[in-house]
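To start, the structure under review is shown below, and the notes come after it.
The values are calculated or read from the model by the stated rules, or taken from the named source; none is laboratory data. Just so we're clear, the structure is a prediction, and the values are computed from it rather than from any experiment. Counting neighbours? That spans all protein chains shown, and the Cβs are built from the backbone with ideal geometry, glycine included. With ligands, DNA and RNA removed, areas are computed over all heavy atoms of the protein, side chains included. Shrake-Rupley method; radii C 1.70, N 1.55, O 1.52, S 1.80 Å.
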Amino acid sequence: MGKGGDRRPLPEEEAEGGMADDFFWSYTDEPHASRRRQILSQYPEIKHLFGPDPWAFFKVTVVVFLQLGTATLLHNSGWLNILAIAYFFGSFLNHNLFLAIHELSHNLAFSTPVYNRWLGIFANLPIGVPMSVTFQKYHLEHHRFQGVDGIDMDIPSHAEAHLVKNAITKSIWVILQLFFYALRPLFLKPKPPGCWEFGNLFVQLLLDAGMVYFWGWRSFAYLILSTFVGGGMHPMAGHFISEHYVFNPDQETYSYYGPLNFLTWHVGYHNEHHDFPRIPGSKLHKVKEIAPEYYESLDSYESWSQVIYMYIRDRTVGPYSRMKRKVSKTTQKWE
């Protein structure tokens, strides 16, 4: 139940206990669509959880103004002070906004999609780099074609995997993983920008220019540092690894049930999220409460920091530790 399915064995992994030289290949469809159908047939009341989070706009607005306000207060601060505050405070806020954008990509703030896009562009402001609109395009494909070779851009490239071979290179990769996450689809599967991307870019550049003009480079640097350190060797960034990196060969999606869910729109409930992408993060815990037998048997995490440590220290785990599959006629669309 909820397993990844058959996969091609990895010779190096079996023979030497070392890092694999290819992905885990599954010959079944991703597990979430079938599990969703099973759960809904048994617990149809889960459909009542579908729909927007009425508090989403308020939560995004508070974090955006808190982060922008912090940036203005630091306009005369020393660089070490800016870096420390960026790591221990601003990183949590910007990562929260990144996951707010994830929530908005599923239209979980408003019933009207265009309102979610505008709120996503607003949530993008303290991040410093325009990404909200582009993220939605690729993220929805990650749900619709989870693990599908050449489509799901959440999976590392062969170039990344060939470069990242030991604890040192894995540590560097973790520190820079936000760059890989952002740039990978632009190199492997570029999509032509549309008017919404240009709108996202224009609004973002307007904010960035205004921040530099009125408050100086240090305030702007604080925003960029908050984004960079929050997406690297940081407890909240552990979700990038915990969600789909294969530590158990029979499972390709993992949930996290620790306290950082309260700062990350409950993205840790990742099996539940992929099973029901139309349920806002604030209600995903109810899915597990209603249908516990579908989730309690799955491996899960209690610490994202531990996941990062495991990823770096485990010699058998690396960028190739992801489940992939070929396109098939039975590939399920998320509902």
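If a residue has to be in contact with a Gly (Cβ under 9 Å, 6 or more places away or on another chain) and free of Cβ contacts under 8 Å to residues at least 12 places away in the same chain to count, how many in region 275-295 make the cut?
0
Out of region 20-30, which residues are in contact with a helix residue (DSSP H, G or I) (Cβ under 7 Å, 6 or more places away or on another chain) and open to solvent by 10 Å² or more (accessible area, probe 1.4 Å)?
ASP21
Of the residues GLU272, GLU252, which single one is crowded, with 17+ Cβ neighbours inside 10 Å, within 29 Å of PHE228 (Cα to Cα), charged (D, E, K, R) and free of Cβ contacts under 8 Å to residues at least 40 places away in the same chain?
Going through GLU272, GLU252 in turn, just one is crowded, with 17+ Cβ neighbours inside 10 Å, within 29 Å of PHE228 (Cα to Cα), charged (D, E, K, R) and free of Cβ contacts under 8 Å to residues at least 40 places away in the same chain: GLU272.
Would you check if GLN136 is open to solvent by less than 20 Å² (accessible area, probe 1.4 Å), under 22 Å from SER91 (Cα atoms) and not aromatic (Phe, Trp, Tyr)?
Criteria not met by GLN136.
For residues that are in contact (Cβ under 8 Å) with a residue 40 or more places away in the chain, open to solvent by 50 Å² or more (accessible area, probe 1.4 Å) and assigned to a helix (DSSP H, G or I), tally how many sit in region 307-329.
Matching residues across region 307-329 total 2.
Six or more apart or on different chains, Cβ under 7 Å: which pairs go from a residue in region 55-69 that's closer than 14 Å to ASN116 by Cβ to one that's in a helix (DSSP H, G or I) and open to solvent by 20 Å² or more (accessible area, probe 1.4 Å)? Could you list them?
VAL60/PHE122
I'd like to know if region 189-199 contains one or more residues that are open to solvent by less than 20 Å² (accessible area, probe 1.4 Å), assigned to a helix (DSSP H, G or I) and not aliphatic (A, V, I, L, M).
Checked against the condition, which is being open to solvent by less than 20 Å² (accessible area, probe 1.4 Å), assigned to a helix (DSSP H, G or I) and not aliphatic (A, V, I, L, M), region 189-199 yields no hits at all.
Which of the residues belonging to region 120-141 are out of contact with any Leu (no Cβ under 7 Å at 6 or more places or on another chain) and assigned to a loop (DSSP other than H, G, I, E, B)?
Of everything in region 120-141, those that are out of contact with any Leu (no Cβ under 7 Å at 6 or more places or on another chain) and assigned to a loop (DSSP other than H, G, I, E, B) turn out to be VAL129, MET131.
Tell me which residues, restricted to region 142-177, are touching a residue at least 60 places away in the same chain (Cβ under 8 Å), part of a helix (DSSP H, G or I) and open to solvent by 20 Å² or more (accessible area, probe 1.4 Å).
Matches in region 142-177: ARG144, ALA167, SER171.
Quick one: which residue in PHE247, PHE240, PHE228 is under 30 Å from THR316 (Cβ atoms) and not in a helix (DSSP H, G or I)? Full working, then the answer.
Numbers: PHE240 fails: not in a helix (DSSP H, G or I); PHE228 fails: not in a helix (DSSP H, G or I).
On inspection, the qualifying residue turns out to be PHE247.
Residue pairs, Cβ under 9 Å, 6 or more apart or interchain, first in region 209-233 and over 15 Å from TYR87 (Cβ atoms) and open to solvent by 70 Å² or more (accessible area, probe 1.4 Å), second among the polar types (S, T, N, Q) and modelled with pLDDT of 95 or more. List them.
PHE214/THR72; TRP215/THR72; ARG218/ASN76; ARG218/SER77
What is the residue count in region 283-297 for residues that are surrounded by fewer than 19 Cβ atoms within 10 Å (Cβ to Cβ) and under 20 Å from the mean Cα position of the chain (by Cα)?
So the answer is 1.
Under 21 Å from HIS143 (Cβ atoms), at pLDDT below 95 and in contact with a Ser or Thr (Cβ under 8 Å, 6 or more places away or on another chain): does that describe GLY18?
Spelling it out, it is not the case that GLY18 is under 21 Å from HIS143 (Cβ atoms), at pLDDT below 95 and in contact with a Ser or Thr (Cβ under 8 Å, 6 or more places away or on another chain).
Looking at region 31-119, what helices (runs of 4 or more DSSP H) fall wholly within it and have at least 3 residues that are surrounded by 15 or more Cβ atoms within 10 Å (Cβ to Cβ) and among the small types (Gly, Ala, Ser)?
Values: elements: 31-42, 56-73, 79-85, 91-105.
By residue number, 91-105.
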